[in-house]
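J.: Once you've had a glance at the structure underneath, I'll fire off some questions.
The values are calculated or read from the model by the stated rules, or taken from the named source; none is laboratory data. A quick note: this is a predicted structure, and the numbers were derived from the prediction, not measured. In this analysis, Cβ positions are derived from the backbone assuming ideal geometry, glycine residues included, and neighbour counts consider all displayed protein chains.
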Amino acid sequence: MKKTAAVALIAAPLLLAAYGVVRIVGKSDGGYGPGLDWQAAHLLALAGVVLFVPAVLGLGALLPRGAWRSGSVAGTMVGLAASMVQFGADIWFALRADDKAGMQALSGDFGDIPGVDLVVYQVGPQLFFVGLLVLAILAARARRLPWWSPVVLLVGILLPPVTLDLLPLSGLLILAALWPATRGGRSAAGPAATAGSGVAGPAGLRPAAPASGGSRTAFAEDEVYAGPPPRLTP
């Protein structure tokens, strides 16, 4: 794996863990958002999502070329793009609003735009987590990751829906699952590596395409507001 991708693969989940820590600290005084703590947390999350782009590309480069690998990486990228829009929108709402009710009103207006709720909130971000898990499974099958990496990654992905206070642990588990991919080894993308790997995908295919699932982003909301369902990332 290239050095840039390896650094991104380490930094991205650490930034998501830092997002969770800042969020917990911000909520401790009962005044989380809008404000410095809200903006700091969401900027960390946005930076982490952005760094996952080279990280995912580097992880995909460890796999044999083919339509299935390309589809998995593309689906993950769509999820990352949706997550970027989501966090970026929350940062913008916090800049414009005087209080959380104002942020919620702006978020509601944004989410009411046709297609935004489905793409940015309901389905889009899920593709990131599902696609990342699919890539980890394929990398484990190709012996680019240990067998336990997809298991640890799945646990890390499933923790935030239980409670967002587990976001720091979730980020560390994602790091632990993907870190072995950063420890060198030539890419399997080249013709020689493809021919010599001896590893076939499920049912003789290469990487399986990501499936959509879940509701909203894995960073589920635990703050409850009156009125329509909130679209802000907490």
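J.: Output the number of residues of the stretch 147-179 satisfying the condition of being assigned to a loop (DSSP other than H, G, I, E, B) and either in contact with a strand residue (DSSP E or B) (Cβ under 7 Å, 6 or more places away or on another chain) or charged (D, E, K, R) (or both).
T.: 0
J.: Here's a follow-up. Just to be sure before I move on: is Arg96 of a type outside the set (A, V, I, L, M) and without any contact (Cβ under 8 Å) to a residue 40 or more places away in the chain in the structure I sent?
T.: yes
J.: For the stretch 60-76, check the following and say yes or no: at least one residue is under 30 Å from Ala101 (Cα atoms) and β-branched (Val, Ile, Thr).
T.: No; the residues of the stretch 60-76 include none that is under 30 Å from Ala101 (Cα atoms) and β-branched (Val, Ile, Thr).
J.: Any residue at all in the stretch 145-155 that is at pLDDT 95 or above, under 13 Å from the mean Cα position of the chain (by Cα) and not charged (D, E, K, R)?
T.: Yes, because at least one residue in the stretch 145-155 is at pLDDT 95 or above, under 13 Å from the mean Cα position of the chain (by Cα) and not charged (D, E, K, R).
J.: In the stretch 18-59, which residue that is surrounded by fewer than 22 Cβ atoms within 10 Å (Cβ to Cβ), touching a residue at least 40 places away in the same chain (Cβ under 8 Å) and of a type in the set (Gly, Ala, Ser) is farthest from Leu159 (Cα to Cα)?
T.: Gly35
J.: Tell me, please, whether a residue that is touching a helix residue (DSSP H, G or I) at 6+ places or on another chain (Cβ under 9 Å), of a type in the set (A, V, I, L, M) and in contact (Cβ under 8 Å) with a residue 24 or more places away in the chain can be found in the stretch 114-122.
T.: yes
J.: If Ile137 satisfies every condition in (1) under 27 Å from Ala40 (Cβ atoms); (2) in contact with a helix residue (DSSP H, G or I) (Cβ under 8 Å, 6 or more places away or on another chain) but one, which is the exception?
T.: Evaluating Ile137 over (1) under 27 Å from Ala40 (Cβ atoms); (2) in contact with a helix residue (DSSP H, G or I) (Cβ under 8 Å, 6 or more places away or on another chain) leaves (1) as the failure.
J.: Could you please let me know if Leu166 is in contact (Cβ under 8 Å) with a residue 24 or more places away in the chain, surrounded by 21 or more Cβ atoms within 10 Å (Cβ to Cβ) and touching a helix residue (DSSP H, G or I) at 6+ places or on another chain (Cβ under 6 Å)?
T.: Criteria not met by Leu166.
J.: Being assigned to a helix (DSSP H, G or I) and surrounded by fewer than 18 Cβ atoms within 10 Å (Cβ to Cβ) is the requirement here; does Gly124 meet it?
T.: No: the conditions fail for Gly124.
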